[in-house]
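Notes to accompany the following structure.
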Amino acid sequence: MKNNQKKFNIVKAAQKRFARHGLAKTTIEEIARDLRIGKASIYHYYASKEDIYYDVISFEIDRFISEIGEILSNSQLNEPEKKLSAYLDFKSKTPGKYSLIFDLVKLAFREFPLERDTENLKNLLKNEESIIMEFLKDTMGKKKPAPALAGMIVRQTWTFVLSESFNRTITNEELLTGGLPPLPTTEEEAMFWETYFRQLIL
């Protein structure tokens, strides 16, 4: 997107609007006014504000995943536990720093989420799981991590973030019925990671 500077500028301006006012209360007129351009310039690239919104979400997801990668590859954090702790701390700040992504995750609890929201959520989880799996492979060396392990870590950390935001415990069952894909993990694995991350944040 950065190859098209005008489109990138629209996304950046819209990002601030959507984060502050939400999709429903944001208009293309306001985005254009922020950029000091005419609405026609925006319509040259986007047919609707919803199209802008979903480009903003994709941009946010890319930034979010990139920051996680930087944390897990930070050579100054020379122990895996420190990197996982920093990762969890980063995700705990999602509601403030990446409010649009946090809103996307919360949409999983809506009874009938929109198809594009569901696809973006799956894309977020897939990319996050992929980068966590690479970290696990580097950390565990010859001992290969279980295929579902990265997914369990991603979901468990989102469980903590959501529980803190909703001021109540979010169960794995709620995550699944809320739209997050199921994982082939055992109850023992779930309990292990819940205990592990609880220790990290205490």
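The values are calculated or read from the model by the stated rules, or taken from the named source; none is laboratory data. What you see is a predicted model; the values in this text were computed from it and never measured. All Cβ positions, glycine included, derive from the backbone under ideal geometry; neighbour counts span all protein chains shown.
Filter region 23-34 down to the residues that are crowded, with 16+ Cβ neighbours inside 10 Å and not β-branched (Val, Ile, Thr), then identify the one that is nearest to the chain's Cα centre (by Cα). Outline the logic, then answer.
Residues of region 23-34 that are crowded, with 16+ Cβ neighbours inside 10 Å, as a first pass: 23, 26, 28, 31-32.
Add one more test, that the residue is not β-branched (Val, Ile, Thr), and what stays is 23, 32.
On the way: Leu23: 18, Ala32: 27 Å.
Ranking the candidates gives Leu23 first.
Is it true that Ser92 is among the polar types (S, T, N, Q), assigned by TED's automatic domain parsing to the domain that holds Asn123 and within 22 Å of Gln15 (Cα to Cα)?
Details: among the polar types (S, T, N, Q): yes; assigned by TED's automatic domain parsing to the domain that holds Asn123: yes; within 22 Å of Gln15 (Cα to Cα): yes.
When the stated conditions are applied, Ser92 passes them.
Restrict the check to region 72-85 and report whether at least one residue is under 30 Å from Lys7 (Cβ atoms) and under 12 Å from the mean Cα position of the chain (by Cα).
No: zero hits.
Would you point out which residue out of Leu77, Leu84 is hydrophobic (A, V, I, L, M, F, W, C) and either in a helix (DSSP H, G or I) or surrounded by 20 or more Cβ atoms within 10 Å (Cβ to Cβ) (or both)?
On the way: Leu77 fails: either in a helix (DSSP H, G or I) or surrounded by 20 or more Cβ atoms within 10 Å (Cβ to Cβ) (or both).
None of the others qualify; the one that does is Leu84.
Tell me, yes or no, whether region 48-69 has at least one residue that is of a type in the set (A, V, I, L, M, F, W, C) and over 19 Å from the mean Cα position of the chain (by Cα). It would help to see each step written out before you state the result.
Going through region 48-69, the residues of a type in the set (A, V, I, L, M, F, W, C) turn out to be 52, 56-57, 59, 61, 64-65, 68.
Retained after the next criterion (residues that are over 19 Å from the mean Cα position of the chain (by Cα)): none.
No, region 48-69 contains no residue that is of a type in the set (A, V, I, L, M, F, W, C) and over 19 Å from the mean Cα position of the chain (by Cα).
Looking at Phe160 and the list (1) in contact with a helix residue (DSSP H, G or I) (Cβ under 9 Å, 6 or more places away or on another chain); (2) at pLDDT below 65, which single condition is not satisfied?
(2)
Taking the criterion of being assigned by TED's automatic domain parsing to the domain that holds Glu128, hydrophobic (A, V, I, L, M, F, W, C), surrounded by fewer than 20 Cβ atoms within 10 Å (Cβ to Cβ) and assigned to a helix (DSSP H, G or I), would at least one residue in region 35-57 satisfy it?
No, region 35-57 has no match at all.
Do you know which of the residues in region 129-152 that are under 14 Å from the mean Cα position of the chain (by Cα) and in contact (Cβ under 8 Å) with a residue 60 or more places away in the chain is nearest to Phe64 (Cα to Cα)? Before the answer, list the steps.
The initial filter retains those residues of region 129-152 that are under 14 Å from the mean Cα position of the chain (by Cα), namely 129-132, 151.
Narrowing further to those that are in contact (Cβ under 8 Å) with a residue 60 or more places away in the chain: 131-132.
Numbers: Ile131: 11, Ile132: 13 Å.
Per the criteria, the residue is Ile131.
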